[in-house]
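K.L.:
Input: one structure, supplied below.
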Amino acid sequence: METVILAVVIAVVVLGALGGLIIGSRRRKPLPPPPPAAPDITAPPAEPHVGEEAETPRDEPRRTIEEVDLPGGSAPVAVEEPPTVEAPEIEIPEPTAGRLVRLRTRLSRSQNALGKGLLTLLSREHLDEDTWEEIEDTLLTADVGVQPTQELVEGLRERVKVLGTRTPEELRGLLRAELLKLVGTDADRTVKTEPEDRKPGIVMVVGVNGTGKTTTTGKLARVLVADGRTVVLGAADTFRAAAADQLQTWGERVGAYTVRGPEGGDPASVAFDAVKEGKEMGVDVVLIDTAGRLHTKTGLMDELGKVKRVVEKHAPLDEVLLVLDATTGQNGLVQARVFAEVVDITGIVLTKLDGTAKGGIVVAVQRELGVPVKLVGLGEGSDDLAPFEPEAFVDALIGD
């Protein structure tokens, strides 16, 4: 009995102890932290001032948006108008009649050496074999060519033998007659731009890079406009970026429309479109500027032949003008031969004849191709392209 009572007492004590521990742990549990107080906002420091304004800023009354007086209506907005592009002023080219005569002084300055040299040799009292050899050398140096030189010397020998005594006037007349015979006065040097059965006339301009081909095309447009013709230009030189721009500028100066294509495009397509446009516009002449092809590049020369064939789907070409740099001398004849094999050359344009060119190239290139020189370039001016006139040319050679 006592054992049972002791066990009960122990159990009560244990349970009491456990209850005290639980209550104590509950009392020691920390309370949740109080909510944070609102942070103090520190005003930014005032902007520094200078002089009298260097003081602590004071609170000043501020007006609301409703209290501010606003201007009536919306303020006008200034709109800049795009700049107007003025159309280029149309120039009136110099008439072509007698243009070579007017440029004779410029021509004679560079070509007079040939005529003066021959006259000096022919004026010698005794014309022995050494003198005739000097005459031949003078002609060959002037790029006249071997065969034409022999013909000229033989003609001079016979005329001098018959003439006997030789005054300066007689020598001048003698030399003039022989040079005219060599240059040729019976060739048709008209640039064919007026076909009888249709419109427009079609002219294709070909040549090697650097001969002044695009410039010559633009100057030829001026020559035609000066003669009262209407012109469309075809910029078929699509391989040179500046060529189409250059040709268009030439056209705008005289009121000629320019047909052009994308850079690197098909030249034959541009040429075809130019002739088509010329027909629709009813102009008198279409001038087609082709790429300056190196005569050593067979593929490029074949492409030039393609341009010719495509254009002739509209109508036959009336002129194929080959532009040659007169300063290249006999080297220009190599170019002429290759071009003549690809397209049928109908006329020659000699540029830079006012520089270091030698007048004999006129004779040599005509003999080489069997076609006449029709135009000559005598300077950098817009109206320095002139129809070739044999009499004026020979007079410039021998001087006054």
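K.L.:
Give me the residue from the range 370-399 that is free of Cβ contacts under 8 Å to residues at least 12 places away in the same chain and over 19 Å from Thr190 (Cα atoms) and, out of that set, least open to solvent (accessible area, probe 1.4 Å).
P.N.:
Selected residue: Gly381.
K.L.:
Tell me, which helices (runs of 4 or more DSSP H) lie completely within the range 185-298 with 2 or more residues that are free of Cβ contacts under 8 Å to residues at least 60 places away in the same chain and out of contact with any strand residue (DSSP E or B) (no Cβ under 9 Å at 6 or more places or on another chain)?
P.N.:
Helices (runs of 4 or more DSSP H) meeting the threshold: 241-254, 267-281.
K.L.:
If I ask for residues that are modelled with pLDDT under 90, over 28 Å from the mean Cα position of the chain (by Cα) and part of a helix (DSSP H, G or I), which ones from the range 353-368 would you list?
P.N.:
Residues satisfying the conditions are Val363, Ala364, Arg367, Glu368.
To keep it simple, each residue is scored yes or no on (1) open to solvent by less than 10 Å² (accessible area, probe 1.4 Å); (2) over 30 Å from Val334 (Cα atoms); (3) in contact with a His (Cβ under 9 Å, 6 or more places away or on another chain); (4) acidic (Asp, Glu).
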site	(1), (2), (3), (4)
Thr258	no, yes, no, no
Gly265	no, no, no, no
Ala271	yes, no, no, no
Asp289	yes, no, no, yes
Leu300	no, no, no, no
Glu303	no, no, no, yes
Lys306	no, no, no, no
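K.L.:
How many residues does the range 369-383 hold that are touching a helix residue (DSSP H, G or I) at 6+ places or on another chain (Cβ under 7 Å), at pLDDT below 90 and not in a strand (DSSP E or B)?
P.N.:
5
K.L.:
Being more than 37 Å from the chain's Cα centre (by Cα) and either of a type in the set (Phe, Trp, Tyr) or within 12 Å of Gly360 (Cα to Cα) (or both) is the filter here, so list the residues in the range 112-126 that pass it.
P.N.:
Of everything in the range 112-126, just one residue is more than 37 Å from the chain's Cα centre (by Cα) and either of a type in the set (Phe, Trp, Tyr) or within 12 Å of Gly360 (Cα to Cα) (or both), namely Gly115.
K.L.:
What number of residues in the range 138-159 are modelled with pLDDT of 90 or more and part of a loop (DSSP other than H, G, I, E, B)?
P.N.:
Total meeting the criteria: 0.
K.L.:
Restricting to the range 113-137, give me the number of residues that are modelled with pLDDT under 85 and among the acidic types (Asp, Glu).
P.N.:
The qualifying residues number 1.
K.L.:
State which residue is farthest from Val362 (Cα to Cα) when the search covers only the range 127-159 and only residues that are open to solvent by less than 20 Å² (accessible area, probe 1.4 Å) and of a type in the set (Ser, Thr, Tyr).
P.N.:
The initial filter retains those residues of the range 127-159 that are open to solvent by less than 20 Å² (accessible area, probe 1.4 Å), namely 131-132, 135, 139, 142, 144-145, 148-149, 152-153, 155-156.
Still in the running and of a type in the set (Ser, Thr, Tyr): 131, 149.
Details: Thr131: 25, Thr149: 13 Å.
This residue is Thr131.
K.L.:
Only one residue in Thr328, Thr346 is open to solvent by 10 Å² or more (accessible area, probe 1.4 Å), more than 18 Å from Val144 (Cβ to Cβ) and among the hydroxyl-bearing types (Ser, Thr, Tyr). Which one? So that I can check it myself, show each step before the final result.
P.N.:
Values: Thr328 fails: more than 18 Å from Val144 (Cβ to Cβ).
Answer to the check: Thr346.
K.L.:
I've got another one for you. Within the range 160-181, which residues are open to solvent by 20 Å² or more (accessible area, probe 1.4 Å) and assigned to a helix (DSSP H, G or I)?
P.N.:
Hits for the range 160-181 are Lys161, Val162, Leu163, Pro168, Glu169, Glu170, Arg172, Gly173, Arg176, Ala177, Leu180, Lys181.
The values are calculated or read from the model by the stated rules, or taken from the named source; none is laboratory data. All figures in this text were calculated on a predicted structure; none of them were measured in a lab. Quick reminder, even Gly has a Cβ in these numbers, built from the backbone with ideal geometry, and neighbours come from all protein chains shown. Protein only, heavy atoms only, side chains kept; ligands, DNA and RNA dropped before computing areas. Shrake-Rupley method; radii C 1.70, N 1.55, O 1.52, S 1.80 Å.
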